[in-house]
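Student: Sharing a structure, written as structure tokens. Questions coming.
The values are calculated or read from the model by the stated rules, or taken from the named source; none is laboratory data. Here the structure is a predicted model, which means the values were calculated and not measured. Neighbour counts run over all protein chains shown; Cβ positions are idealised from the backbone, glycine included. Only protein heavy atoms, including side chains, enter the accessible area calculation; ligands, DNA and RNA are left aside. Shrake-Rupley method; radii C 1.70, N 1.55, O 1.52, S 1.80 Å.
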Amino acid sequence: MPFPPVPPEIKPVAHLMKLAEEHEARNIVVAYWARMAACRLALKMVPGKKSPEVTGLIGEILNWLEKTKQENKGNDGITNETAAQALIEEYALNLFSHAEKQDAAEIFNKNTVKTFYTAGMLFDVLEQFSLSEDLHEKQKYAKWKAAYIHNCLKSGERPQPGPPNSGAEENKMIHISELPEEEQQRLLEEKRKLQEELDRKRKEDEDQEILGQMNEFGNGLPKSADAQGPPNNMGFPPANTSSADNAFQFPKYSPVSPNIPQQPGSVTPNIPTTPQGPTTYSLPSITNDGTPTTGQVSLSPEQIQLAQKYSKFATSALNHDDVKTAVGYLQKALNLLQFGKE
């Protein structure tokens, strides 16, 4: 049956699908497990939400696997994984041995390249069962040898028989561009996945460091569960708001500024060693009866640094879509700047 084209995001699956297509009419066991390996690789490469093209291809493969299994109930190579592994391993080793004999006899042509490469792909199929160290070495050697002979024939050079550390080929390194296209795509995809994982881990470490600073800093909040209120979904210390429905409103009266904990492990604001005077400026304020007035606000360097700290915490909360916590920290910073206290 025809299958949809392999989408670009899972292009390394293509060489397994091609292997299955080549063997479907003459070796149904290889075709079955090659498509099984292709399906597993696609699911591994795109573990989350998938594009319609990827979903469609996986669905077609699964339908074919189920249909083929029903039609071959008496074939142990399909119904029994142990039998399948033994059959495919024997086939792969026979091909590998034939290719080595061609190589030793210095018979270098497209058939030799194809034999080495097919053996390498069969070892790929066997990976879903597990590969011994010996088979893994043969897998790497078969793919290298196929690429090496192919490039020699293409450039007009005479290939050297044997492994890469023999004769003139000692210590010669193969560039990725010399590998077959399917192998290039597989290696590039692995590199991309590794880079994404490294970037994600670095981002998690940075966020964890900020959260740790926030938890150590404590914001002077009471330690009791009743005073803190219910935990939010990001683990930020809950910020006090001025209304029962958590709406953002400026309080008419400024709350008392809490003391900053100076216990071991807490974060202390960096205060310049050179004495600095307070910063004084005029801002509108609100009296007890709600009447706006204009008065002098004097802020110490410590208060300015505390406002900066609250602003940083608010930014970090917004990075995690935690608007409620961000509003609370912004309100604290504004209270400090407007009234000189929280």
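Student: Order the following by accessible area, largest value first: 64, 144. Probe radius 1.4 Å; ligands, DNA and RNA are ignored.
Tutor: So the residues, ranked largest to smallest area, are 144, 64.
Student: Right, next: Which of the GluC sites (Glu not before Pro) across region 19-109 are loop residues per DSSP, with 15 or fewer other Cβ within 10 Å? It would help to have the intermediate numbers written out before the result.
Tutor: On the way: sites: 21, 22, 24, 53, 60, 66, 71, 81, 89, 90, 100, 106; in loops: 24, 106.
Within region 19-109, the qualifying GluC sites (Glu not before Pro) (loop, at most 15 other Cβ atoms within 10 Å) are 106.
Student: Could you tally the net charge around residue 304, taking each other residue with its Cβ under 15 Å from the Cβ of residue 304, Lys/Arg +1 and Asp/Glu -1?
Tutor: Cβ neighbours under 15 Å give a net charge of +2.
Student: May I pose another question? Once you treat every alpha carbon in region 14-62 as an equal point and sum by Debye, what is log10 I(q)/I(0) at q = 0.13 Å⁻¹?
Tutor: -0.29
Student: Rg over Rh of region 101-147, using C-alpha atoms and the Kirkwood radius, what does it come to? Display every interim value, and only then the final one.
Tutor: Working: Rg = 11.2 Å, Rh = 10.9 Å.
Ratio of gyration radius to Kirkwood radius for region 101-147: 1.02.
Student: Can you check what the net charge comes to around residue 93, using other residues whose Cβ is under 14 Å from the Cβ of residue 93 (Lys, Arg +1; Asp, Glu -1)?
Tutor: -3
Student: With a 1.4 Å probe and all protein chains kept in place, how much accessible area does residue 79 have, in Å² rounded to the nearest 10?
Tutor: 60 Å²
Student: Quick one: 3J(HN,Hα) in Hz for region 195-203, Karplus 6.51/-1.76/1.60 with θ = phi - 60°, rounded, Gly and Pro as x.
Tutor: 5, 4, 5, 5, 5, 5, 5, 5, 5
Student: Could you give the spread of the C-alpha atoms of region 27-103 along their three principal axes, from largest to smallest, in whole angstroms?
Tutor: If we take the Cα atoms of region 27-103, the spans are 46, 34, 17 Å.
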